[in-house]
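Note sheet for the following structure.
Values quoted throughout were computed directly from the atomic coordinates according to the rules given, and no laboratory measurement underlies them. All values derive from a computational prediction rather than experimental measurement. Here the Cβ positions follow ideal geometry from the backbone for every residue, glycine too, while neighbour counts run over all protein chains shown.
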Ligand SMILES: [Zn+2]
């Protein structure tokens with residue numbers, strides 16, 4: 001099931017309740033259409049309305065669709081997937097006693113060190 005979000009005049013997105021999604025898809029199909037070259041445009045500039053499947057395909061492509069042809073600011077989109085969390089870097093305990101991400105650990109003549117201790121441990 002897709003979740004549709006609508007944007008209010010202040011630019012804030014809100015989730016549409018699932019029970020309204022189907023009716024809203026039909027509305028979007030009626031309020032938007034394709035022009036002569038197949039571009040998605042508001043209905044009054046279109047040669048034919050969108051189909052429900054075209055509405056979903058357009059939204060899934062990341063585009064927004066207008067809720068009403070005369071309202072530039074009222075649009076719908078698919079709710080974006082939550083961003084994957086960036087995994088925390090793996091820390092390694094260097095011989096200098098500092099804990100740094102593995103990629104930053106350096107090998108000096110007297111052992112492994114963090115970048116700050118490298119000069120001291122390289123002699
Ligand atoms: Zn160190």
In degrees between 0 and 90, to the nearest 10, how far off the longest principal axis of the chain does helix 18-31 point, with axes built from Cα atoms? 60
In percent, how large is the relative contact order of the chain, given Cα pairs closer than 8 Å and 6 or more residues apart? 18
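Could you check how many percent of all C-alpha pairs in the chain are farther apart than 24 Å? Don't skip to the end; give the middle numbers.
Values: 3762 of 7503 pairs.
More than 24 Å apart: 50 percent of the Cα pairs in the chain.
If neighbour count is taken as other Cβ atoms inside 10 Å, put 107, 66 in order from fewest to most. Present the calculation step by step, with values, prior to reporting the outcome.
Working: 107 13, 66 19.
Ascending number of Cβ neighbours within 10 Å: 107, 66.
Arrange the following residues from fewest to most other Cβ atoms within 10 Å of their Cβ: 31, 19, 54.
Values: 31 23, 19 7, 54 18.
With the fewest neighbours first, 31, 19, 54 line up as 19, 54, 31.
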